[in-house]
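The values are calculated or read from the model by the stated rules, or taken from the named source; none is laboratory data. Note that the structure is a prediction, hence the values are computed from the model and not measured. Every residue, glycine among them, receives a Cβ derived from its backbone with ideal geometry; neighbour counts consider all protein chains shown. Remember, those area values only see protein heavy atoms, side chains included, never the ligands or the DNA or RNA. Shrake-Rupley method; radii C 1.70, N 1.55, O 1.52, S 1.80 Å.
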Amino acid sequence: MTPALLWLIAGVLLIGAEVLSGEFVLVMLGAAALGAAGASALGAPLPVDAVVFAVLGLGLIFVARPALKRRLRLPHELKTNVDALVGKHALVESTVDAHGGQVRIEGALWSARAFDETQVIEAGQTVTVMEIAGATAVVWAEP
C-alpha cells in the first residue's frame, strides 16, 4: 500500500469515528490526514507528509474547531410569543394597580395589573413586565 492510500484510509476512518464523539477533534485530524494524503499523492516524502499532518491537525484543532463550536452552539432557550415579553420594559398608559390598568409593550396595548398589590403606578411611568397571566401583563415599578 502506498503512503497516500494509508493517509486516505486514516482520514476517512477518523472522520467516520467523529460520528461517535461529536467533539470535532477526530474530524479535524481526519481532514489533516486527507491533507497529508494529498501531499503524499503529489510525491512528497513521508517526513513531509507527517509535517503536513501535524501542521494541519494543530491548526484545525486550535483555530477552526473553536470557531466551528461557537458557530454551532445553540442558544440556551429561545423565548417566543408572550414568554419573550417577560423582562421587557413597558410604558404605563392608564393608572395600574392591583385591579387593572393599561401598559404599552413594544407598541401593543395590554391590560395590566401591579405585581405588588400595594403599588399604584401612574401613567407615563416605565415598568418591567414580570409575567404574562392570560391576556394581562403583571408589571413592577421600581420604587
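Data for the structure
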quantity: Contour excess over end-to-end distance, with Cα ends at N81 and E117 and 0.36 nm allotted per residue; calculated: 10.4 nm
quantity: Extension reserve of the H89-V48 stretch, reckoned as 0.36 nm per residue once the Cα distance is removed; calculated: 8.6 nm
quantity: Rounded to 10°, Cα long-axis angle of helix 3-21 versus longest principal axis of the chain; calculated: 30 degrees
quantity: Separation of the R104 and A41 label points, Cα + 7 Å toward Cβ, nm; calculated: 6.5 nm
quantity: Amide hydrogen neighbours beyond the local backbone of G101, cut-off 5 Å, H modeled; calculated: A112
quantity: Normalised per residue, the volume of the convex hull around the Cα set of region 56-138 (Å³); calculated: 118 Å³
quantity: Table column - 3J(HN,Hα) (Hz), region 119-130, Karplus curve with 6.51, -1.76, 1.60, x for Gly and Pro; calculated: 7, 10, 10, 7, 4, x, 7, 9, 10, 10, 7, 8
quantity: Degrees, to the nearest 10: 25-41 long Cα axis against longest axis of the chain; calculated: 30 degrees
quantity: Compactness of region 25-82 as Cα Rg over 2.2 N^0.38 Å, two decimals; calculated: 1.68
quantity: In order through region 52-65: 3J(HN,Hα) via Karplus (6.51 cos²θ - 1.76 cosθ + 1.60), integer Hz, x for Gly, Pro; calculated: 4, 4, 5, 5, 5, x, 5, x, 5, 5, 8, 10, 6, 4
quantity: Percent accessible area from carbon and sulfur atoms, region 33-143, protein chains only, probe 1.4 Å; calculated: 60 percent
quantity: Positive-end residue, the chain charge dipole about Cα centroid, Cβ charges, pick of L26, Q125, A54; calculated: A54
quantity: Bins of 5 Å, starting at 0 and running to the largest distance - Cα pair percent for the chain; calculated: 2, 10, 14, 12, 7, 5, 4, 4, 4, 6, 7, 7, 7, 6, 4, 2, 1
